[in-house]
Structure formats: C-alpha cells, structure tokens
C-alpha cells in the first residue's frame, strides 16, 4: 500500500515538472518581454506588440497541426512522452534566440529578426506544450484524480513563475538609478541561456517519471481535410465551446494584467531599489501577487473537490473586480502599501485564470468520445493552446497599440517622463479590460454543467459501449449527455449512431 502510494506521488511530481516550462515562460514573456523590446531593443511600442502578434499568427498553423500529429503518433514509450523528449533542444535554442539580436543595429533589421525569432520560439514551444496538455487524460481517467495531478502541476507552474522572477532580478538589476535601457543587452543574453536551461531540462524528468496508457493511434491519413474535420467536430461540442470561451477569457485577463503590471510600477513609482529587504519594488509586486496566487490554489482545490472544477470562478473573479477598482485610483501620491494590498487581492483573484481551465481540459476528451467514439487529446490540446497563444499575442499587440496612441516615452522607464495619457493607457489594460472580461466569465461559468457525477456516468457508459457494443442509459442520463454535448443522444456514438467501434 505504501509502495503504491509512493509510486503515485512520484508520478504526480514527475508530471508536474514539465509545467515549469508553461508557467515560467509565460510569466517571464508576459511580464518582461514587451518592456525588453521597447526599452532594450528600442522598438516602438507598436512594433513590439506586432512581434508577438505576428508570431501568434504563425501559431495558427503549428498548434492545430501538432495536435493532430500527436494523436496519430505511435511510439512504444507513448506519443506524448516521445514528443516531450524531442522538444528539449528546440525549447532551449528557441528561448535563447528571444533575448539575443546578435548586434543587429538597424530598427527594421531588429524588427524583422524578432518576428522570426518569436516564430521559431513559438514552434519549439508548441512541440513541447501540445503533447504535455495531451498527457494527463492518457495517464488518469478519474475526474477527481485528474484534479490532484493538475493541482501538483499548478504548484510547479507557480514555483517556476516565482523562481524565474528571482533569476530575472538577479541577472537584470534594474533600479531607479539604472533604468532599463540598451545597456542591459548582455544581461538578457545570459538570461536566455539560464532560463532556457531552466525551462527545457524539466521535460526530461516528466518523460522519465510518467507512463501513458496504451491507446491506439489514429490511423486516418493526415491530410488538410482530415485536420479541419477533426477540429470542426471538436468545436461542435457544446461543453468545449463553453470551456474555450472561459479559457480564452481567462488568458486575456491574465495577459492584460501581467503585460501591464511592470510598466505600471515603472511609470507610477519607478523601480525603487532596496524597497524591502533589498528587493526592488517591481520584484516585490510580482512575487507578492505570485505568492498569494499560489497560496490560493489550496482553497480553490477544496472548492473543486466539494463542488466542481469551475466553482473557483465564483469566488476568485469578484476579487479581480475589487483589486482593479483599487488600482484605478492609484497615483504617484498614493501610499505604496495601498498598491501592495491591491496586488495581493489581485493575486488571489488571478488564481483561477489558468488553474481552472487546466483542470477542465482532460475531461473534454471523454465528451468527445461520447459524441464521436474517438479520443483526440492532441486535437483538444492543439485548439486550446492555439487560442491562448493568439490571445496572449493579440493582447500584447493591443497594449502596444494603446501605448503608441497615448504617447509612451520609450527612452526610459521612469515616472519623470510618464504622461497622464500613458498612465491611462496602462490602466485600460490593467483594470478596465480585466473587469469587463471577468463579468463575461462569471456568466458563462454558471452554465457549465460538467461535474464529477456527470463525468463518472459518461466514463461508465463509454466503458460499457467499448466492452459490449451496447449501453443501458436511463432517460435522465441521456438528457444529461445531450445537455453537456449539445448533440441529440441518438445522434451520438454513445447513443448508437455509429454502431461500428472505432479501430
């Protein structure tokens, strides 16, 4: 018994390691990359926003394709683990290129270089993240057990977020006396090497410590038509569309907050050094928000296990409203303690934005099988990460566009040159956008009906169908399946529309 428990803990820890890539990378890029492009590379705010925006358009090709490839890969070690292993070197190389422009000195040359660097990085990131998002439903089938694995994964993600900001602060010591500028070019090259290793090597641990259930690979020929059909079928699922709206809305709120947080502190207070225990103010703000966000995972997990996986939205999102309203009224004359309180509340509210969609995703493969008799973890993951990346890229493009319109001074990140217009532009992203989108999320979450009881019923019926070719479903169970899938029960694979079991 103890031995089996030890194996389970080892699997959970091994599974969580790979999300140091997803959590840490998203933290550093969303928080610091726009300021790096503006103040170190010296691109205009619009150009800086376009770098990520155009890079995300490229993701429109790579993510869906990678999802289909994972579902069609047959490997003894498992399709997901094989691709995670392949991704290690590209992830390191791609991340390094993000922070090094090799002495290119023309504005146009740097703009073009970073567009292609971001495209290369996005491709490498896709090769690592799509298989990882597809892995859990191939490891664990239980609704509650998946919550446990996702909780451990989120802890690793949170730790990576906090640790990466420590590394950034250490390698890029920005201060009021030494503001962010091209003088930090070499610091960012070193940052690319150190964090590139920090994010890529954990993939190996996940490969070694996890195991996939033996599932037959999709034997269908890979064509453009088959790719579009797979994604079209997945989107037909009513519950997937609700999940997708919740996930993308959460990504938009998270990206808006993270991308504007650092510039907000720079323009309002400056990056005060030795603010508390030798920490700079920016460092303290980021890690205070991150620490509270991680701490709030505990009550969120309790809510998930007692009610359902999307219940944290009802508690967390109102906290974002409160924090955003507080931040709206912050000026350079506002005491710093007031901002720190707002950031702590914002961290608690933000805890649900990535955590809840992460726990919901594995269950969608079972609903997909209910409708079509196929398991397409890769397709679900590809569509999900594609949407999130597009949202992150477009939000940064939007932020750059807003900053350009309101006349942000790009020579230095300092309150001395901050205009009321530039502060207003930051507050639009930091406060107005999160409040508006969070209202939409609250409304949609109230109609998300997939819970532990419903999921267990669906899994049981699928198992019956696969074993015997027939099922015995009550009228109540049929109605539940229709409510979740959006498809008439008799028109679904589970209801007998396709009597032939998929090979």
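Do we find a residue being within 18 Å of the chain's Cα centre (by Cα), touching a residue at least 12 places away in the same chain (Cβ under 8 Å) and either in the same structural domain as residue 190 (by TED's automatic domain parsing) or buried (at least 24 other Cβ atoms within 10 Å of the Cβ) (or both) anywhere in the stretch 70-83?
Within the stretch 70-83, not a single residue is within 18 Å of the chain's Cα centre (by Cα), touching a residue at least 12 places away in the same chain (Cβ under 8 Å) and either in the same structural domain as residue 190 (by TED's automatic domain parsing) or buried (at least 24 other Cβ atoms within 10 Å of the Cβ) (or both).
Among the residues of this structure, residue 160 counts as one that is touching a helix residue (DSSP H, G or I) at 6+ places or on another chain (Cβ under 9 Å), surrounded by 23 or more Cβ atoms within 10 Å (Cβ to Cβ), outside any loop (DSSP other than H, G, I, E, B) and on the phi < 0 side of the Ramachandran plot. Only one entry in 120, 97, 82 is assigned to a helix (DSSP H, G or I) and farther than 19 Å from residue 191 by Cβ, namely 82. What is the number of the single condition among (1) surrounded by fewer than 21 Cβ atoms within 10 Å (Cβ to Cβ); (2) within 30 Å of residue 282 (Cβ to Cβ); (3) at pLDDT 85 or above that residue 391 does not meet? Failing condition for residue 391: (1).
Does residue 137 count as over 29 Å from residue 356 (Cβ atoms) and in contact (Cβ under 8 Å) with a residue 24 or more places away in the chain? No, not satisfied. Looking across 344, 381, 413, 348, one residue alone is buried (at least 21 other Cβ atoms within 10 Å of the Cβ) and at pLDDT 95 or above. It is 348.
The values are calculated or read from the model by the stated rules, or taken from the named source; none is laboratory data. Given the structure is predicted, the values throughout are model-derived calculations rather than measurements. When we count neighbours, we look across all protein chains shown, and the Cβ atoms used for this are built from the backbone with ideal geometry, even at glycine.
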